[in-house]
Amino acid sequence: MKRLISAIFALWFTASSFAQTKVYPLEGEGLWAFYARVGLNTKELREQFFAINKGKFGKDSSLLTGVAYKIPHAGDVSTVDSTKKIKKVTVKEHVCPLEGEGLWAFYARVGLNTKDLRDVFLDVNQGRFGKDASLLTGVYYKIPTIDDIETESAPVAKDQVPMKPQKSDVIEKLFGKDYERVPVTSKELDGAVFYLVSGHGGPDPGAIGNFAGHELHEDEYAYDVILRLGRQLMMRGAKVHFIIQDNVDGIRDDQFLQTSRRETCMGSPIPLDQVKRLKQRCEKINALYKKDNKGYRRAVFIHLDSRSERKRIDIFLYHARGSKQGKMTAESIRTTLEDKYAQHQPNRGFEGTVSRRDLFVLTETNPPSIFFELGNIQNLQDQQRFIRTSNREAMAKWIAEGFVKDYKIQKQIEKNEKERESKKKKK
């Protein structure tokens with residue numbers, strides 16, 4: 001009977017569009033969502049998937065955008081030699097998921113920080129999951145210990161050799177050693193200038209949330225997102241000024257970001273007094289704005305909101321009262337985010353808004369300015385948007401794409417105005 005079922009599955013999978021093909025991950029798509037989409041619904045298939053795609057993964061076996069992954073079918077599995085040996089499983093403890101807690105947040109909380117441990121976890125808890133291996137509220141899961149696994153060393157694949165540096169690459173030391181080399185992959189934002197400001201910093205950590213015993217400081221997560229956004233903008237040819245800087249903390253792939261008071265305002269100490277602090281960053285922006293050539297220039301402020309733990313919110317944006325360009329830019333980004341959520345989480349919906357607000361940093365800066373609130377740092381579901389590296393990267397990328405959309409609109413408006421002026425002169 002088992003052979004018959006395996007044969008039927010193999011025939012079905014081979015006939016499907018994913019059999020023996022290469023598939024690209026969707027933007028912001030996590031590993032388990034990818035598994036579900038391409039039909040890797042057994043442990044053996046997932047192990048084969050990793051075996052035939054060695055060297056094509058990021059940190060913690062994360063998927064890389066723009067990389068085509070080979071998808072095995074059931075008939076391939078028996079030919080693969082496993083490099084993993086599992087001893088007798090020892091259960092460390094039984095843990096019940098928190099309300100609304102996702103799989104990766106659960107992994108982080110209970111210490112399942114390697115692929116091998118997560119595979120054993122799924123194996124010893126078979127039959128206790130919902131759709132797409134989701135956790136079930138009220139169910140206690142067995143947590144294996146690290147001594148349960150022996151892993152043989154694998155040779156380094158050729159795919160792991162880094163790409164050769166290109167002449168067009170830009171070096172930005174603020175990003176840290178792993179990310180300092182920025183490949184300029186397009187000219188979509190050529191001529192555009194951005195002034196990027198992460199909220200709070202220095203003596204002011206901003207709002208503080210708590211996740212599984214870890215403090216989440218607003219300034220640290222806002223800074224990581226602003227660096228990622230800056231890198232995405234630079235990859236598209238933009239000029240970027242980082243107003244708030246930390247010469248030690250570059251782009252970090254950790255879930256829980258260590259706190260510090262090292263941040264400066266372009267080398268100047270950040271005042272504790274709020275008015276002085278806000279005035280300082282506005283003056284820096286305005287001085288740079290005056291030096292930069294005329295053209296598309298935008299100031300960007302990234303913050304995390306703090307509300308009741310039960311209040312889940314989407315990304316929302318503010319612009320200054322009377323700022324026509326600021327409003328237009330904010331709307332371009334909001335619609336881009338809405339489209340991305342519709343694409344990657346079609347049943348979720350998106351309720352992010354754009355509104356005007358008389359915030360000091362919006363009214364006192366000369367370039368059109370956009371103020372982001374990325375979510376509620378107190379809410380368990382919103383916290384996934386901050387602590388997961390892939391989510392921080394997705395937010396940065398989607399916001400950058402929103403700026404590209406707005407930049408093209410502004411360029412078209414300028415072109416139309418020039419054509420009208422040209423016609424007037426001819427008359």
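From the phi of every residue in region 218-227, what ³J(HN,Hα) in whole Hz does the Karplus formula 6.51 cos²θ - 1.76 cosθ + 1.60 yield, where θ is phi - 60° and glycine or proline is x?
Residue by residue, region 218-227 yields 3, 5, 6, 6, 5, 5, 5, 5, 5, 5 Hz.
Set the bar at 21 Å for Cα to Cα. Now go through Lys70/Lys340; Lys187/Lys423; Lys43/Lys70; Lys54/Lys173; Lys187/Lys411; Lys294/Lys408 and name every pair that lies beyond it.
Working: Lys70/Lys340 25 Å; Lys187/Lys423 30 Å; Lys43/Lys70 16 Å; Lys54/Lys173 29 Å; Lys187/Lys411 14 Å; Lys294/Lys408 16 Å.
Long pairs (Cα-Cα over 21 Å): Lys70/Lys340; Lys187/Lys423; Lys54/Lys173.
Only four residue types carry charge here, +1 at the Cβ of Lys and Arg and -1 at the Cβ of Asp and Glu. Report the dipole size of region 259-359 about the Cα centre in Debye, rounded to the nearest 20. Can you show the working numbers first?
Values: 24 positive and 12 negative charges, 81 e Å.
In debye, rounded to 20, region 259-359 gives about 380.
Using the Cβ atoms and a cut-off under 11 Å, what net charge is assigned to the surroundings of Phe316, where Lys and Arg are +1 and Asp and Glu are -1? Please report the intermediate quantities before stating the final value.
On the way: positive: Arg334, Arg357; negative: Asp305, Asp314, Glu351, Glu373.
Value of the local net charge: -2.
What does the charge count around Leu98 come to, taking other residues whose C-beta lies under 13 Å from its C-beta (Lys +1, Arg +1, Asp -1, Glu -1)?
Cβ neighbours under 13 Å give a net charge of -2.
Where Lys and Arg each count +1 and Asp and Glu each count -1, what net charge lies around Glu351 among other residues with Cβ under 13 Å from its Cβ? Each step should come with its number before you reach the end.
Details: positive: Lys311, Arg312, Arg334, Arg348; negative: Asp314, Glu338, Glu373, Asp382.
Summing Lys and Arg as +1 and Asp and Glu as -1 gives 0.
Where a number appears in this text, it was derived from the coordinates with a stated rule and is not lab data. Predicted, not measured: the structure shown is a model, and the values here were computed from it. When we count neighbours, we look across all protein chains shown, and the Cβ atoms used for this are built from the backbone with ideal geometry, even at glycine.
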